[in-house]
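**Q** Sending over a structure as structure tokens; questions will come in a sec.
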Amino acid sequence: MTDTRGGPRRAVAVWLGALSALIGAAAGLALTLYHDLPEINNLGRYRPSVVTAVLDRHGRPVAEIYQERRIWLPYAAMPKTLVQAVVATEDARFCEHRGLRLLSVARALLADIRAGRRAQGGSTITQQLAKLLFLTPEKSVARKIKEALLAIQIERAYTKEEILELYLNQINLGSGAYGVEAAADLALKRRATVLKRMAAAGYISDQAAVRESASPIALAPPRDGQRLAPHFVEMVRQDLADRYGEDRLYRDGFEVTTSLDLDLQRAAESAVAKGLAARKDRGASGPMEAALVALGPMDGSILALVGGRDFSRSQFNRVTQARRQPGSAFKPFVYLAALDAGFSPADIVVDSPVTYPGRAGGAPWTPTNYNERFHGPVTLRAALEQSLNVATIKLMDRVGTGAVTAMARRMGIHSPLENSLSLALGVAVVSPLELTAAYAPLANGGLRVEPGFILSVRAADGELLEEAPPKVADAIRPEIAYTLTTMLRGVIERGTGKPAAALDRPAAGKTGTTNDYRDAWFVGYTPGLVAGVWLGYDDNHPAGRGFTGGQAAAPIWLDFMRAAPEGAPARDFPKPSRVVTRLIDRTSGKLATPLCADTIEEAFVEGTEPREYCNAETQRKRRI
């Protein structure tokens, strides 16, 4: 008689043997993988990459620097309903299991086999945490076993609250936000599902789930940490990365107090946008660009910075990285050198045609003025106010190119300077920050302060890592700074910078325009603020006739400076003790008499004031 039970018995034996072999193989693999698991002993002190907060000088948030936008939040500070929602959705039996749900794993594995791909997740929150912190995203049996082994270890070593704190601060909640503090909200499409699962888990009633599902939801807009002062923030990021390393910058997170003033920054961005909108591009390879930087002359703080028209289009920071010819905006250094050598604003220089021999056998050089006209004998004040090229070159010839170069260095110009008379016309290239900072000693009584943009850096735990006190040095004597300031006030009141005169408060400044109208500059200052503006094309394309510092750059400077004081009372430049004033005849530069029709109250360094009165011939001409 045939034993019909032999077939099934053999089949069961085969299956049991295969299962035993599979279990044995899995156990062997698990044992092998166990020795390769990462160490979890320091998990309690683990902190993922967090946000570096950038603040303005008053502690107001400017931007955030991060690779993953994450702000660490302790478990006790997490909203209870949010914790319940995550647990109900991701792992309803989280509080009951010890790291694994074997039935869920088996069910997910069966679904994967049926689908022929990974179709269903079976991981607990603890397994997900293990994968996030220690494992790669690869899909393999070995990785799954490691995940399970790590989950068991984590559950043995840490409480459920500690596990949830790590998990909720680690997960990606969309829009670049990591962790519950950085999330704007739960996704709208998931709300109904989440509420249903919360009701099933007993966290809320069925009625509450229905009611909340029907209520409107308002999603917060995505946060963009680069909307304000983007070129400035990038400058901060690069500096921190260079000095602390990118790993520490993004992993540890800092609180960085910068020199920026948000009110001034908004005024700067508005002024630049308005100024560029008023310019019409002339078919260049790209749109016209602009740069604006504002400094506190007493401490060197960069208070506002606009590095271009659109950071999303170009991250090139024209304030610090552009190298452009300053044109006539360089001339104040010539007049400073002259005043330092004993000249006065009333001294005479002849503005007339002149030719200089070429260097090394080159062609002779015959400089001209902007309007190709000459004005004859003029005072230094008049030459600077009207930005006369030839008169300035002749003055530099008398003072010496070496003295002018040395003066520019003392004021803060670090770029290479050509040792020739053409330097008077601003042929050397400088950055807008460099040139603006070199004007700052004029507003600061002759003291030069190196520009800076970071006031302090603190670690995430509040430890002070650094403070940056101002770096101060003597540049020029206070009486020299004041005297030139009175001359530069004339540039705004009567000269090429007259479009800025509408500021209606004591201010001084100088225009700059380069050959073929490629660059337009205006650098000006009040007793408490110095600002420089540049416009031009990145490819050095000519902008066309009429593109001058006075017409293109000064209006932007004016708009910015008008917004900057915010109603603060106007202050005048303090007069040093070694400055004397005299009423002089504007034409001859000599002391005025009652017969002189065109006079000015002029400032002099004590001992350089004129001793002679204007003669009868001058007085007669002025009456005609």
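**Q** Can you tell me which residue within the range 367-394, out of those that are over 24 Å from Gly446 (Cα atoms) and hydrophobic (A, V, I, L, M, F, W, C), is surrounded by the most Cβ atoms within 10 Å (Cβ to Cβ)?
**A** Here the answer is Ala391.
**Q** Kindly state which helices (runs of 4 or more DSSP H) lie completely within the range 230-333 and contain at least 1 residues that are of a type in the set (Gly, Ala, Ser).
**A** 230-244, 262-278
**Q** Residues that are under 22 Å from Asp559 (Cβ atoms) and either buried (at least 22 other Cβ atoms within 10 Å of the Cβ) or in contact with a Phe, Trp or Tyr (Cβ under 9 Å, 6 or more places away or on another chain) (or both): does the range 469-490 have at least one?
**A** yes
**Q** Oh, and also: So which residues in the range 386-406 are at negative phi and of a type in the set (Gly, Ala, Ser)? Quick ask: steps written out before the conclusion?
**A** If we filter the range 386-406 for residues that are at negative phi, which is where we start, we get 386, 388-399, 401-406.
Selection gives Ala391, Gly402, Ala403, Ala406.
**Q** Going through Ser270, Ser259 one at a time, which residue ends up being small (Gly, Ala, Ser), surrounded by fewer than 21 Cβ atoms within 10 Å (Cβ to Cβ) and modelled with pLDDT of 95 or more?
**A** Ser270
**Q** Among the candidates Ala304, Ala403, which residue alone is surrounded by fewer than 23 Cβ atoms within 10 Å (Cβ to Cβ), in contact (Cβ under 8 Å) with a residue 40 or more places away in the chain and of a type in the set (Gly, Ala, Ser)? So that I can check it myself, show each step before the final result.
**A** Numbers: Ala304 fails: surrounded by fewer than 23 Cβ atoms within 10 Å (Cβ to Cβ).
None of the others qualify; the one that does is Ala403.
**Q** Just for the range 588-604: of the residues that are outside any strand (DSSP E or B) and surrounded by 18 or more Cβ atoms within 10 Å (Cβ to Cβ), which one is nearest to the chain's Cα centre (by Cα)?
**A** Top of the filtered list is Gly589.
**Q** For the range 370-411, name all the residues that are modelled with pLDDT under 95 and in a helix (DSSP H, G or I).
**A** None; the set is empty.
**Q** Looking at (1) more than 30 Å from Asn515 (Cβ to Cβ); (2) at pLDDT 90 or above; (3) surrounded by fewer than 16 Cβ atoms within 10 Å (Cβ to Cβ), which one does Asp585 not meet, given that it meets all the others?
**A** (3)
**Q** Out of the strands (runs of 3 or more DSSP E) lying entirely within the range 444-553, which hold 1 or more residues that are over 30 Å from Leu240 (Cβ atoms)?
**A** Per the criteria, 472-474, 508-513, 519-526, 529-536.
**Q** Could you list all residues from the range 588-617 that are touching a helix residue (DSSP H, G or I) at 6+ places or on another chain (Cβ under 6 Å) and under 25 Å from Ala481 (Cα atoms)?
**A** Within the range 588-617, Ser588, Ala603, Val605 meet the criteria.
**Q** Among the residues of the range 236-251, is there at least one that is at pLDDT 95 or above and closer than 25 Å to Asp559 by Cα?
**A** no
**Q** For the range 363-381, enumerate the residues that are over 30 Å from Tyr482 (Cβ atoms) and without any contact (Cβ under 8 Å) to a residue 24 or more places away in the chain.
**A** Hits for the range 363-381 are Ala363, Pro364, Thr366, Thr368, Asn371, Glu372, Arg373, Phe374.
**Q** Additional query: Which one of these is within 30 Å of Tyr613 (Cβ to Cβ), without any contact (Cβ under 8 Å) to a residue 60 or more places away in the chain and surrounded by 14 or more Cβ atoms within 10 Å (Cβ to Cβ): Asp347, Asp397? Don't jump to the end; show me each part of the working.
**A** Working: Asp347 fails: without any contact (Cβ under 8 Å) to a residue 60 or more places away in the chain.
Just one listed residue meets the conditions, Asp397.
**Q** Only one of these is in contact with a Lys or Arg (Cβ under 8 Å, 6 or more places away or on another chain) and either at pLDDT below 80 or not in a helix (DSSP H, G or I) (or both): Ala111, Ala92, Ala106. Name it.
**A** Step by step, each of Ala111, Ala92, Ala106 is checked, and only Ala92 is in contact with a Lys or Arg (Cβ under 8 Å, 6 or more places away or on another chain) and either at pLDDT below 80 or not in a helix (DSSP H, G or I) (or both).
**Q** Asp299 - would you say it is touching a residue at least 60 places away in the same chain (Cβ under 8 Å) and closer than 20 Å to Asp585 by Cα?
**A** Taking the combined requirement at face value, the residue does not satisfy it.
**Q** Taking the condition aliphatic (A, V, I, L, M) and closer than 26 Å to Gln386 by Cβ, does Ala473 pass?
**A** no
**Q** Please find, among Ala428, Ala437, Ala408, the residue that is assigned by TED's automatic domain parsing to the domain that holds Val293, more than 16 Å from Lys331 (Cβ to Cβ) and under 35 Å from the mean Cα position of the chain (by Cα).
**A** Details: Ala428 fails: more than 16 Å from Lys331 (Cβ to Cβ); Ala408 fails: more than 16 Å from Lys331 (Cβ to Cβ).
Within the list Ala428, Ala437, Ala408, the selection yields Ala437.
**Q** Quick test for you: out of Ala507, Ala553, Ala531, Ala543, pick the one residue that is modelled with pLDDT of 95 or more, over 22 Å from Gly300 (Cα atoms) and hydrophobic (A, V, I, L, M, F, W, C). Give the derivation first.
**A** Working: Ala507 fails: over 22 Å from Gly300 (Cα atoms); Ala531 fails: over 22 Å from Gly300 (Cα atoms); Ala543 fails: modelled with pLDDT of 95 or more.
That would be Ala553, the only listed residue that is modelled with pLDDT of 95 or more, over 22 Å from Gly300 (Cα atoms) and hydrophobic (A, V, I, L, M, F, W, C).
The values are calculated or read from the model by the stated rules, or taken from the named source; none is laboratory data. Note that the coordinates shown come from a computational prediction; the quantities given were computed from them, not determined experimentally. Cβ coordinates were reconstructed from backbone atoms using ideal geometry, including for glycine residues, and neighbour counts include every protein chain displayed.
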